[in-house]
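Heads up: the structure comes next, in structure tokens.
The values are calculated or read from the model by the stated rules, or taken from the named source; none is laboratory data. From a predicted model like this one, the values you see are computed outputs, not experimental measurements. Cβ atoms come from the backbone with ideal geometry, glycine included; neighbour counts cover every protein chain shown.
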Amino acid sequence: MGMLILGLVLFLGVHSTRIVADGWRTAMMARLGQGAWKGLYALLSIAGFVLLVWGYGLARQQPVTLWQPPAGMRHVAALLMLIAFVLLAATYVPRNALKARLHHPMVLSVKVWALAHLLSNGNLADLLLFGGFLLWAVLSFRAARARDRATQARYPAGTVAGTAMTLLVGIVAWAVFAFWAHAVLIGVRPF
């Protein structure tokens, strides 16, 4: 469990600098240069991600059950994951109405992903992993919206084509992951 916790602290810690130390982040970026900052950020993020994946895999070998979710939660989780994939697509597809309205769809996608997995899993490692990401996403979204208000950020209006493409990409990505990639990469078949 220690490896999972270390990975979470490192990965989410690096991704929390804009939440808890935005001024320090800006000063460090100016001091090191943008390229060096991004390189250090990427290196620490990758190290944290590797540790959390490895730690989660180890923790799954000796699960500590906290609760047994009802079987119906798998269906709720599948629906929430469809929403999470559409939100993730909204991050990258230009000029879609979701990004125009929500402004930070990737962070919302992480929120929905984490909640879906908390509802359908009841082990200690699941609580740490998905609960940690959910808490981070809540704080990150709050900080991002505060930055938007402070800078009076404007987002381009969505178009019908951009929104339709977002929905299509999100649904296809969800289907590929739900019916094939989740089993290959995670070792668990959602359906």
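Mind telling me which of the residues 154, 145, 149 ends up being basic (Lys, Arg), closer than 17 Å to residue 100 by Cβ and surrounded by 14 or more Cβ atoms within 10 Å (Cβ to Cβ)? I'd like the intermediate steps shown before the answer.
Numbers: 154 fails: surrounded by 14 or more Cβ atoms within 10 Å (Cβ to Cβ); 149 fails: surrounded by 14 or more Cβ atoms within 10 Å (Cβ to Cβ).
The conditions single out 145.
Taken over segment 50-91, the criterion of being of a type in the set (Phe, Trp, Tyr), surrounded by 15 or more Cβ atoms within 10 Å (Cβ to Cβ) and not assigned by TED's automatic domain parsing to the domain that holds residue 134 is satisfied by 56 alone.
I'd like to check something: does segment 76-99 contain any residue that is over 17 Å from the mean Cα position of the chain (by Cα) and free of Cβ contacts under 8 Å to residues at least 40 places away in the same chain? No, segment 76-99 has no match at all.
Here's the yes/no breakdown for (1) closer than 21 Å to residue 119 by Cα; (2) of a type in the set (Ser, Thr, Tyr); (3) in a helix (DSSP H, G or I):
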site: 6; (1), (2), (3): no, no, yes
site: 26; (1), (2), (3): no, yes, yes
site: 41; (1), (2), (3): no, yes, yes
site: 69; (1), (2), (3): yes, no, no
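If you go through segment 1-27 and keep only what is surrounded by 13 or more Cβ atoms within 10 Å (Cβ to Cβ) and more than 26 Å from residue 52 (Cα to Cα), you end up with just 26.
Just to be sure, is residue 188 loosely packed, with under 14 Cβ neighbours inside 10 Å and either among the hydrophobic types (A, V, I, L, M, F, W, C) or more than 18 Å from residue 76 (Cβ to Cβ) (or both)? Considered against the rule, which asks whether it is loosely packed, with under 14 Cβ neighbours inside 10 Å and either among the hydrophobic types (A, V, I, L, M, F, W, C) or more than 18 Å from residue 76 (Cβ to Cβ) (or both), residue 188 comes out as yes.
Which of the residues belonging to segment 28-49 are surrounded by 12 or more Cβ atoms within 10 Å (Cβ to Cβ) and within 22 Å of the chain's Cα centre (by Cα)?
Narrowing segment 28-49 to residues surrounded by 12 or more Cβ atoms within 10 Å (Cβ to Cβ): 28-29, 32, 36-41, 44-49.
If the condition is that a residue be surrounded by 12 or more Cβ atoms within 10 Å (Cβ to Cβ) and within 22 Å of the chain's Cα centre (by Cα), then 37, 38, 39, 40, 41, 44, 45, 46, 47, 48, 49 are the ones that fit.
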